[in-house]
């Protein structure tokens, strides 16, 4: 871009030269007048001298010579001055334009430096474990030097590429109306053109755009937020469109081609950064789901010891552990009278509630088999109050069953048996690992469950001895348990009001 420069007009110099010529002509006239006056004064006395006409001609010639010399000198001087001033003006213009170009180049280098620093900072944050939302928040907090905005929205393409869904948005003013979860089809929309061309789109009059496109729900929502201009920037990673960044401003005519050029300089790296952060988040979510599945299959302390490809037996003998057996009463009969989907849904609802209770009480689910549910306390993680936790769990499980009976109108009850003593526990299976427990304590708990009344919790005498001060227990009497003979058993009824709760 050229810089305006005040050059000297040649007409000014020409006018000066004409003024010099006029002064020379005036000099000639004065000289001629002087000669004429002298002729009148002395003409009668100089008869022997030259004639007055001769004197006048001589004066005229002398005046003309003087005038011509003056004109030539004036023109030469004026020409020299003209060329000197013109060269000085040209050099001044070139210097000013060069200075402007240097200043613009320095500003561009500084801007590119800021862009690089911002992108490097984003990459650093990704490498330190920040997710996509944190990265976008950093963009929102830091990109003002590059692009003006009062609001930023981020939307991703669905896996099939037909739907665009908002994943993140922030605004400096009030509530975001076009927020997370909003979705719209891409086909036949104005964004389809932006996606195909890969060139950002400027809309500097959003209300006017809405008048021309009254069915555009997204434009209506963003106008209601007070936005008046927008810059829509497509993102593509490895040649594949992944989504958009939407910069919006409350001012009309906020965006220019320079903002498009700035974004295009960083578009590729920013797209790769966003895609990398998104992949990190998806990987983290997948790992979290896998961890939850592993926790359901194995206790966390156990599956962390398993090394892929390494066959190693994990087993231990535990001197004091609690075993809880629960079994649904009449499951086979009533499950045959309702649709299979309802049976599976009910079991999922029930056992998911049990799983949450087990975690809350710090115990470990060994597994389920059909309508049976098996829990161990005191292993694989040792804890001194595992028996009290198991008793509290049993009471809570019966409460869950009562709620389901009321809400689903199903005659569902359970028998629960609890025993405490030594067990052997470990991981079995090569391809499908399972944590399990064996021994007389496990068998005793199973017998206590199978001989309990529906809806009741039956415990052994060792359990009674250790819980009688904190729980309400009622003696049932002697019960013949297969493999163990007659055993004195008790009903676990409730926690004593004076006892401090282990889990609120």
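The values are calculated or read from the model by the stated rules, or taken from the named source; none is laboratory data. Remember, it's a predicted structure, so these values are computed and weren't measured experimentally. Cβ coordinates were reconstructed from backbone atoms using ideal geometry, including for glycine residues, and neighbour counts include every protein chain displayed.
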Quiz item: Are any of the residues in the stretch 407-426 free of Cβ contacts under 8 Å to residues at least 12 places away in the same chain, closer than 21 Å to residue 315 by Cβ, out of contact with any helix residue (DSSP H, G or I) (no Cβ under 7 Å at 6 or more places or on another chain) and part of a strand (DSSP E or B)?
Solution: no
Practice problem: Take the stretch 371-392 and flag every residue that is within 15 Å of residue 360 (Cβ to Cβ), assigned to a loop (DSSP other than H, G, I, E, B) and under 43 Å from the mean Cα position of the chain (by Cα). | Solution: 381, 383
Quiz prompt | Yes/no for residue 395 being touching a residue at least 12 places away in the same chain (Cβ under 8 Å), in a strand (DSSP E or B) and within 12 Å of residue 324 (Cα to Cα) | solution = no
Practice problem: Go through the stretch 470-499 and count every residue that is touching a residue at least 24 places away in the same chain (Cβ under 8 Å) and outside any strand (DSSP E or B). | Solution: 6
Quiz item: Inside the stretch 454-465, can you point out the residues that are at pLDDT 95 or above and outside any strand (DSSP E or B)?
Solution: 456, 461, 462, 463, 464, 465
Quiz item: Has the stretch 362-383 got at least one residue that is within 28 Å of residue 314 (Cβ to Cβ), loosely packed, with under 15 Cβ neighbours inside 10 Å and modelled with pLDDT of 90 or more?
Solution: no
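Table: residues versus (1) modelled with pLDDT of 85 or more; (2) crowded, with 16+ Cβ neighbours inside 10 Å; (3) not assigned by TED's automatic domain parsing to the domain that holds residue 273.
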| site | (1), (2), (3) |
| --- | --- |
| 116 | no, no, yes |
| 120 | no, no, yes |
| 144 | no, no, no |
| 151 | yes, yes, no |
| 160 | no, no, no |
| 166 | yes, yes, no |
| 171 | yes, yes, no |
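Residue-by-condition table, conditions (1) within 34 Å of the chain's Cα centre (by Cα); (2) modelled with pLDDT of 75 or more:
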residue: 241; (1), (2): yes, yes
residue: 253; (1), (2): yes, yes
residue: 283; (1), (2): yes, yes
residue: 307; (1), (2): no, no
residue: 340; (1), (2): no, yes
